[in-house]
1. Within segment 12-47, how many residues are among the aliphatic types (A, V, I, L, M), over 16 Å from Arg87 (Cα atoms) and surrounded by 13 or more Cβ atoms within 10 Å (Cβ to Cβ)?
2. Could you tell me which of the residues Ala112, Ala41, Ala72, Ala51 is assigned to a loop (DSSP other than H, G, I, E, B) and not acidic (Asp, Glu)?
3. I want to confirm something. Restricting to segment 83-93 and keeping residues that are in contact with a helix residue (DSSP H, G or I) (Cβ under 9 Å, 6 or more places away or on another chain) and open to solvent by 30 Å² or more (accessible area, probe 1.4 Å), which single residue is farthest from Arg138 (Cα to Cα)?
4. Restricting attention to segment 43-69, which residues are within 26 Å of Glu126 (Cα to Cα), touching a strand residue (DSSP E or B) at 6+ places or on another chain (Cβ under 8 Å) and not β-branched (Val, Ile, Thr)?
5. Being at pLDDT 90 or above, farther than 19 Å from Leu11 by Cβ, buried (at least 19 other Cβ atoms within 10 Å of the Cβ) and among the hydrophobic types (A, V, I, L, M, F, W, C): is that true of Leu120 here?
6. Given (1) in contact with a Phe, Trp or Tyr (Cβ under 9 Å, 6 or more places away or on another chain); (2) more than 21 Å from Pro130 (Cβ to Cβ); (3) modelled with pLDDT of 90 or more; (4) not hydroxyl-bearing (Ser, Thr, Tyr), where does Ala85 come up short, assuming only one miss?
7. Could you grab me the full set of residues in segment 102-116 that are crowded, with 21+ Cβ neighbours inside 10 Å and within 13 Å of Ser77 (Cα to Cα)?
Amino acid sequence: MGVHHYKIELLPRGCFGERPPATLSKGDVERATDFNSGWWASHPPSTSLLAALRTLLPTNRSWGETEEYVSAGDWGSDIRIWKDAGRVRSISFRFSPAADSWPLMQQFLSVARDAQCLLLEIGSGEIFEPDEQVVRERLAKSHAMQFVRDPRGRDCSGC
């Protein structure tokens, strides 16, 4: 993952009941992406969710069973649908504020809301709603935005 990416994953809300946890540990995240018992194993994504994700970015750079869709420019965003034996294991979105505009994130959040998904911020392990204001605030504090503001890293403490 590049420092210019803000990485989030989609989680099926149905895995968590009415009250999802605020955070997941690295161990919880690893167990949750397990092929046999992970969140998508017990709550497979709908064909409409997968179709909507596939249309968000213009270039298909899929390899093997992994589907990857990328934006047109250098340092761009990507969506990856990770699979094992034809079943989805995880769905990630790496948004690049250095290359892509906010409307791309808005489209992704709309897809996530329509599919009743939650978001997992990989760097922190925090789980939250696909709410535009929440994501905008989290993105503003991210390493990706620190990089956009100061690509040479002069003021990038903690990056």
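The values are calculated or read from the model by the stated rules, or taken from the named source; none is laboratory data. Since we're looking at a predicted model, the values are computed, not measured. Neighbour counts run over all protein chains shown; Cβ positions are idealised from the backbone, glycine included. Each accessible area value is taken on the protein alone, full model and side chains, heavy atoms only, with ligands, DNA and RNA left out. Shrake-Rupley method; radii C 1.70, N 1.55, O 1.52, S 1.80 Å.
1. Taking segment 12-47 and keeping what is among the aliphatic types (A, V, I, L, M), we get 22, 24, 29, 32, 41.
Next, only the ones that are over 16 Å from Arg87 (Cα atoms) stay: 22, 24, 29.
Still in the list and also surrounded by 13 or more Cβ atoms within 10 Å (Cβ to Cβ): 24, 29.
Within segment 12-47, residues that are among the aliphatic types (A, V, I, L, M), over 16 Å from Arg87 (Cα atoms) and surrounded by 13 or more Cβ atoms within 10 Å (Cβ to Cβ) number 2.
2. Ala72
3. Applying the filter and picking the extreme gives Arg87.
4. His43, Pro44, Pro45, Leu49, Leu50, Leu53, Arg54, Leu56, Leu57, Glu67, Glu68, Tyr69
5. Judged against the criteria, Leu120 is not a match.
6. Ala85 satisfies all of (1) in contact with a Phe, Trp or Tyr (Cβ under 9 Å, 6 or more places away or on another chain); (2) more than 21 Å from Pro130 (Cβ to Cβ); (3) modelled with pLDDT of 90 or more; (4) not hydroxyl-bearing (Ser, Thr, Tyr) except (3).
7. Within segment 102-116, Met105, Phe108 meet the criteria.
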